[in-house]
Amino acid sequence: MDNRPQASEAQLAYAKLLDLGMKVGIVILLITFIIYIAGVMEPNVPVDKLPDYWEMKADEYVEVTGKATGWGWVKDLGKGDVLNSVGIAFLALVTIFCYLRVVPIMIRDKEIALLILILLEVAVLAAAASGFIKTGGH
Amino acid sequence: MSSKRTRVLIFIILALVAIFIFSATNASAEGTAVAPDGSESSLPWWGWPLILFVLCFALGIVAVLGGVGGGVLFVPIVGSFFPFNLDFVRGAGLLVALAGALAAGPGLLKKGLADLRLALPVALIASSMAIIGALVGLSLPENVTKTALGGTILGIVVIMLLAKKSEYPDVGKADSVSSALRITGVYHEPSTGQDVDWKVHRTPQGLITFVLIGFMAGMFGLGAGWANVPVLNLMMGAPLKVSVATSKFLLSITDTSAAWIYFNKGAVIPMIVVPSIIGIMIGSIIGVRLLAVAKPKAVRWIVIIMLTFAGARALLQGLGWWK
């Protein structure tokens, strides 16, 4: 029998979901990028025009190209470049899913302090992901 | 790494290059890239992304062999030598560091090297501050950010040269915060066959330090392993392996919050992000394979020299002394 120390149940549950989420995210990223550069769908910014824009600041780029900010990209998913946002957003959401996965374990084990930290972290990440936190530009 | 896996990697690399070239022949020839010094470059539009992919492949190898994160190499080097605005480079840098952390996290957590209890309070502070750092970084003019980035990178070089490491720091008594959160653990050390018990101290001081680390990670789009490890290891007293592993895992949380700010702001261009992530991931896999034969000390010096040059260039570009 293996007597080596085992990671906690919460840690293993987190790891399992993280592993799955990372793999799914990378596959989505690869597929959507291939669709994009193969020209299957018309992009918002034509690939040969990118060098005109990528030296601009993000604010200026958004203004000139009409790129949607926040979650506005969801309505433009028919465009090849915007489609890549699905994989990027998925990878950036994986951590939130992992935190939510361990909430029931923390409640069952009455780990109140850790549960509070987890819920606060979910709130922070959800606020960042919401698109409501914005800079004023300059 | 199996030969089957190697063949798959080679296939992915060749497929991406082929698609790039196919795509290039279909696009009009009008789009030519602009060089970092502002002059019109003779490169076609796909030239820079292709060079970026090759560079990131190399960075992935060097990062593994040099024991550093990909993000800390990516931002100063791409920011200084590629024509992309620093906003997009930092957005891509965060996603590169995030992808690397997501890939490494599960294995480190399962082995008990990365510790969830240790990560939770630290991540909350660092990820909150990373949001503020990202907001500040995106609000500042590029020359100011570039100057600060250059200074920070040179500071990181100094830390890399001077910081000591402690395999098993001596922690007399756990502090009250770590006791309350039961931040303690045990992991199996295969080199000695022993189970190593550990606990931490000076948790409040460590958490305060992560205010600054999180802010800088968000502002500059850097992974923050260069700062996480010394704080977890030397200040809080976690064993070196636990510190390195927990630091890597932490990046998956800290960089998530900052990456969302850049993404929502429109500072993410797939043509920059995706070749970078794929290049660095494939390079990391090759790097792990090369670990057995490489000389880590020599590679570490290469990393230090690369960072010094890129940091100095960013600083001088920011000050307007080098185009």
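The values are calculated or read from the model by the stated rules, or taken from the named source; none is laboratory data. Quantities reported herein were computed from a predicted structural model and do not represent experimental measurements. Counting neighbours? That spans all protein chains shown, and the Cβs are built from the backbone with ideal geometry, glycine included.
Once the stretch B:93-105 is narrowed to residues that are more than 16 Å from B:Val244 (Cβ to Cβ) and within 7 Å of another protein chain (Cβ to nearest Cβ), the residue that is surrounded by the fewest Cβ atoms within 10 Å (Cβ to Cβ) is B:Leu102. Please specify each residue of the stretch A:46-57 satisfying the condition of being under 24 Å from the mean Cα position of the chain (by Cα) and buried (at least 22 other Cβ atoms within 10 Å of the Cβ). Matches in the stretch A:46-57: A:Val47, A:Leu50, A:Trp54.
Report yes if A:Ile88 is facing chain B (nearest Cβ under 7 Å) and within 22 Å of B:Ile278 (Cα to Cα), otherwise no. It is true that A:Ile88 is facing chain B (nearest Cβ under 7 Å) and within 22 Å of B:Ile278 (Cα to Cα).
Within the stretch B:202-249, count every residue that is crowded, with 23+ Cβ neighbours inside 10 Å and not in a helix (DSSP H, G or I). Number of matching residues: 8.
Being more than 17 Å from A:Leu91 (Cβ to Cβ) and outside any helix (DSSP H, G or I) holds for only one residue in B:Gly283, B:Gly311, B:Gly287, B:Gly320, and it is B:Gly320.
Test B:Leu73 against the criterion of being touching a helix residue (DSSP H, G or I) at 6+ places or on another chain (Cβ under 9 Å) and at the interface with another protein chain (Cβ under 8 Å from one of its Cβ atoms), and give yes or no. No.
Check whether at least one residue in the stretch B:12-20 is at pLDDT 65 or above, closer than 23 Å to B:Gly137 by Cα and not in a loop (DSSP other than H, G, I, E, B), and report yes or no. No, that holds for no residue. Would you check if B:Ala130 is within 14 Å of chain A (Cβ to nearest Cβ) and in a loop (DSSP other than H, G, I, E, B)? Considered against the rule, which asks whether it is within 14 Å of chain A (Cβ to nearest Cβ) and in a loop (DSSP other than H, G, I, E, B), B:Ala130 comes out as no.
In the stretch A:18-40, of all residues being assigned to a loop (DSSP other than H, G, I, E, B) and surrounded by fewer than 16 Cβ atoms within 10 Å (Cβ to Cβ), the one that is nearest to the other protein chains (Cβ to nearest Cβ) corresponds to A:Ala38. The residue of the stretch A:99-138 that is nearest to the other protein chains (Cβ to nearest Cβ), among those that are in a helix (DSSP H, G or I), β-branched (Val, Ile, Thr) and closer than 17 Å to B:Ile131 by Cβ, is A:Val124.
Taking the stretch B:76-92 as the range and being more than 8 Å from chain A (Cβ to nearest Cβ) and either acidic (Asp, Glu) or more than 16 Å from the chain's Cα centre (by Cα) (or both) as the test, the residues that pass are B:Ser80, B:Phe81, B:Phe82.
Would you point out the residue of the stretch A:58-82, among those that are of a type in the set (A, V, I, L, M) and over 18 Å from the mean Cα position of the chain (by Cα), that is farthest from the other protein chains (Cβ to nearest Cβ)? Across the stretch A:58-82, the extreme among qualifying residues is A:Val64.
For B:Thr145, the requirement of being in a helix (DSSP H, G or I), within 12 Å of chain A (Cβ to nearest Cβ) and either touching a residue at least 12 places away in the same chain (Cβ under 8 Å) or under 30 Å from B:Leu86 (Cβ atoms) (or both) is met.
For the stretch B:279-291, the criterion of a residue being in contact with a Phe, Trp or Tyr (Cβ under 7 Å, 6 or more places away or on another chain), more than 7 Å from chain A (Cβ to nearest Cβ), modelled with pLDDT under 95 and over 15 Å from B:Val78 (Cα atoms) is satisfied by at least one position. Only one of the numbered conditions (1) of a type in the set (Ser, Thr, Tyr); (2) away from chain A (no Cβ under 14 Å); (3) outside any helix (DSSP H, G or I); (4) crowded, with 17+ Cβ neighbours inside 10 Å is violated by B:Ser166, and that is (4).
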